[in-house]
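To keep things clear, I will list the structure first and then write my remarks on it.
What follows is calculated from the coordinates using simple rules that are stated; it is not laboratory data. For clarity, every value in this text was computed on a predicted model and none was experimentally measured. Positions of Cβ are generated from backbone atoms using ideal geometry, with glycine treated the same way; all protein chains shown enter the neighbour counts.
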C-alpha cells in the first residue's frame, strides 16, 4: 500500500508542468529512498513467511513452503487469535462510528455555552500518553470485572481513539450545510432520522475515515491487550505474537518463520481494508484538513 | 391551505444587540401570496424560519389555522420551505428527492410514484428524474426544490429568496410561472425577497420590514402609491421616490430651488416636512409654461421604453420619468410640474406619511 501511494505521489509531485529533468530525477530519487525504507520490512516478512528456516535477514527461501502457516494454526491456535482480533476491532469500529457520529454532530450543531472549552478538553484527553493510563485502566477494569472480557477490550479501545475521532468528525459535520438537515426536518423527519438519512450519507467520507482509523487502531493496539487479557480463549493477534516470541525460549531461538507468517496474516487484512477504502480515506482526510 | 398569524412575535439572537424581529403582527389569509420584503438583515428570513420551526421566538405566538405552532417540531407543522440554496439531497436522485417527503408519510409506493410523476409533469422536469442534483443547472435545481415542496401538498409554502440564484432572464420568467402556479394550487404562500420588483409583481400583499419592524403591509399598489413612511417610499420603486426637503409658505410648500407646490388636500401645511414625488409624478416640459419650475438637466438615462432624466434643482437631484422620445442633453433647461395627486408628505423627524 505504501509503495503504491508513494509512487503515485511521486508521479503527481515530480512532474509538474515546467519542472526540469533535474528536479524530476531528484524527486524520484528521494521518493525511491522513502519507498525502499518502507519496503524492506515487508520484503523480509513475505520471504521469511514462506521459508521453513527463516533468519533475521532477507533471503529468498531455498524451498518455498506453507509449513509456517500450517504450524501457526495447528500449534499456536492462530485462527482463534485472528477471529478475536477481527471481532474486537470490528466492534470497536461500530461503537466508535455510532458514538463519534452523535458526539461530533452535537458539537458541530448545538450552541453550547462552553463549546470551545469542551472541544479543548476533548483534545487534552488525546494528548495523554496511553502508557500513563495503564495503571488506572488496569485497576478500573479489574474493579468493574472487565478484565478478560470482550466488552472491556472493546470499550477501552473505542475510548482510546474517541477524542481524536470526535474532532475529526466534527470537522466533517461543519462542512455539511445546515439547510440539508433543515430540509429533512421540514419534509417530516425527526432530528435523529434526518442525521441518519441525510447528514451521515453526505458526510460518508468522514464516516469512512473514522471507521478505518478506529479499526486500524484497535487492530494494532498492544499495550491494553497485554494488561487486560491473559485468558487463552480471548487472546488476539498481538498477544499471539508475544506468546510465540516468548515460548520459543528467548530471542536466540526465535522462530522467524512463524512470526513472519503471523505478520503476513496480520498485515493482509489491514492492506485489504486500506485498498478497498483508499479513495474514500484519502478524499476524506483531504476534505477534513481543508476544513481545519 | 391555511391562514397564518404572527401575534406580537419577537426574536433576538444572543450575538446581536438589536432584535432580529421586533413585535411582528401579521395576518396572512388562506390562499394568499404574501411577500416579506426588506433589505438584508431586516428580519424577513428570521420571521420565515420561525414559522417553519427552525428558529424559536422569544415572545409572541405563531398560529396556523388558529392553532399555535411555536411548540411544534418542524416535522409536525406541515409547512414546506424552498431554500435559497435549494437544499436538494446530494446523495439522492431527483426522483428520490421529490419522493422523500412522501416516503416519510408512508404513502403506498404506487401513490408515491403517481404523485412524483404528476408534479414532475406540472413543472416540466420529468426528464430530470433519474439524475443527481449535481448534474442539474441552477434553474433545474430550483424546479426540483419546488417540486419537493409541492408534492406533499403542505398547508403553507415558505420560500426564502428562491429566485436569487437564477440569472436575470430566468428569474423574470420563473417569477411569472411561480405566481401562476401559486394561483393554480391555491396554497397560502409566504415569499421572502429583497428584490422590490419581485415583490411588486408576485405578491397579493407586501409586508415591508426594516430593522425587524413591520413598516407597511398592503397591496403592491398601496405600498407603491401610498408608502407609510420614508423607508418604504425609498425602498420600493426603481428609481425610488424623490424625497425633497420643504418648508411652509402660506398654503403652499416651498421645495429646493424655490419650487412651489400646492399642499395636498386634507393636510395642514406645516414646517418640518419632506415631499415625496415618484419619478412619474413629475411632468417634464422642454418649453417654459406658467407655473412650471425651471431646472437643469444633469444627465438622461435611456432605458428603451422610457427615459430617466436626472435634473438638478437647487441642491437637490431629482429623477424624472419621461417617454422615450424625450431625451434632453446635459445642461438643457427644462421645466417641471408636479402632478397634484402624486404629492406625498412625510414628517421630517418621524418619517411617517402625512397623507
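Label positions at residue A:40 and residue B:221, each projected 7 Å from the Cα along the C-beta direction, are separated by 9.1 nm. Where both bridge residues fall in the protein assembly as shown, DSSP classifies roughly 75% of the beta bridges as antiparallel.
What does the convex hull of the Cα atoms come to per residue for chain A, in Å³?
Working: hull volume 54.7 nm³, N = 292.
Looking at chain A, the number lands at 187 Å³ per residue.
Across peptide B:63-76, the mean count of Cβ atoms from other chains lying within 10 Å of each residue's own Cβ comes to 2. For chain B, modelled as a GNM whose springs connect Cα atoms under 10 angstrom apart, the maximal fluctuation among B:195, B:17, B:329 occurs at B:17. Going by neighbour counts of Cβ atoms within 10 Å, the residues A:31, B:157, A:50, A:37 line up, fewest first, as A:37, A:31, A:50, B:157. Note on chain A: with a GNM built from Cα contacts shorter than 10 Å, the maximum mean-square fluctuation among A:22, A:55, A:34 falls on A:22. Considering every alpha-carbon pair of region B:42-119, the percent of pairs per 10 Å bin, from zero through the bin containing the longest distance, is 16, 38, 31, 15, 1.
Taking the protein assembly as shown, how much of its Cα-Cα pair set, in percent, is spaced more than 38 angstrom apart? List each step's numbers first, then the result.
Details: 119158 of 208981 pairs.
Of the Cα pairs, 57 percent sit more than 38 Å apart.
Only beta bridges with both residues in chain B are counted; by DSSP, about 75 percent of them are antiparallel. Ranked for footprinting exposure by Cβ neighbours inside 10 Å, fewest first, A:165, A:45, B:209, A:39 give A:39, A:45, A:165, B:209.
Put in order of Cβ neighbour count within 10 Å, fewest first, the listed residues B:319, B:179 become B:179, B:319.
Between rounded, prolate and oblate, where does region A:112-249 land on the alpha carbon gyration tensor, with a ≥ b ≥ c its root eigenvalues, rounded for a/c under 1.5, else prolate if a/b exceeds b/c? It comes out prolate by the Cα gyration axes. Counting only alpha carbon atoms, the long axis of helix A:134-143 and the longest principal axis of chain A meet at about 80°. Eigenvalues of the alpha-carbon gyration tensor of region A:47-165, scaled by 5 and square-rooted, set the equivalent ellipsoid semi-axes at 41, 18, 15 angstrom, largest first. For the residues of A:173-183, the average number of beta carbons from a partner chain within 10 Å of their own beta carbon is 4. Using only the alpha-carbon atoms of region B:242-347 as identical scatterers, what base-10 log of I(q)/I(0) does the Debye formula give at q = 0.10, 0.14, 0.17 Å⁻¹? Once normalised to I(0) and log-transformed, intensities are -0.26, -0.51, -0.74. Between A:201, A:238, A:129, the residue with the greatest mean-square fluctuation in the GNM of chain A (Cα pairs under 10 Å linked by springs) is A:129.
Summed over qualifying helices (DSSP H, 4 residues or more, each -39500 (n - 2.57)) and divided by its residue number, chain B shows a 222 nm mean residue ellipticity of -7500 deg cm²/dmol.
Rounded to the nearest 10 degrees, the inclination of helix A:150-174 to the longest alpha-carbon principal axis of chain A is 50 degrees. Peptide A:207-213 has a mean of 0 when you count, residue by residue, the C-beta atoms of other protein chains within 10 Å of its C-beta. In a solvent-free Debye calculation with one equal scatterer on each Cα, what is log10 I(q)/I(0) for region B:77-145 at q = 0.11, 0.21 Å⁻¹, listed in the order of the q values? The calculated log intensity ratios at q = 0.11, 0.21 Å⁻¹ are -0.24, -0.90.
Computed over Cα pairs, the Kirkwood radius of region B:1-92 leads via Stokes-Einstein (1.002 mPa s, 20 °C) to a diffusion coefficient of 152 µm² per second. The Cα atoms of region B:4-235 define a convex hull whose projected area, averaged across directions, is 12.9 nm². Angle, helix A:237-247 long axis vs. longest principal axis of chain A, Cα atoms, 0 to 90°, nearest 10? Its long axis makes an angle of about 30 degrees. Remark: the Cα gyration tensor places region B:135-267 in the prolate category, a/c being 1.5 or greater and a/b exceeding b/c.
Take residue B:58, project a point 7 Å from its Cα along the Cβ direction, then tell me which residues of region B:14-33 have their backbone nitrogen under 15 Å from it. Zone members listed by number: B:14-24. Between residue A:142 and residue A:59, the FRET efficiency estimated from the beta carbon spacing at R0 = 56 angstrom works out to 0.75.
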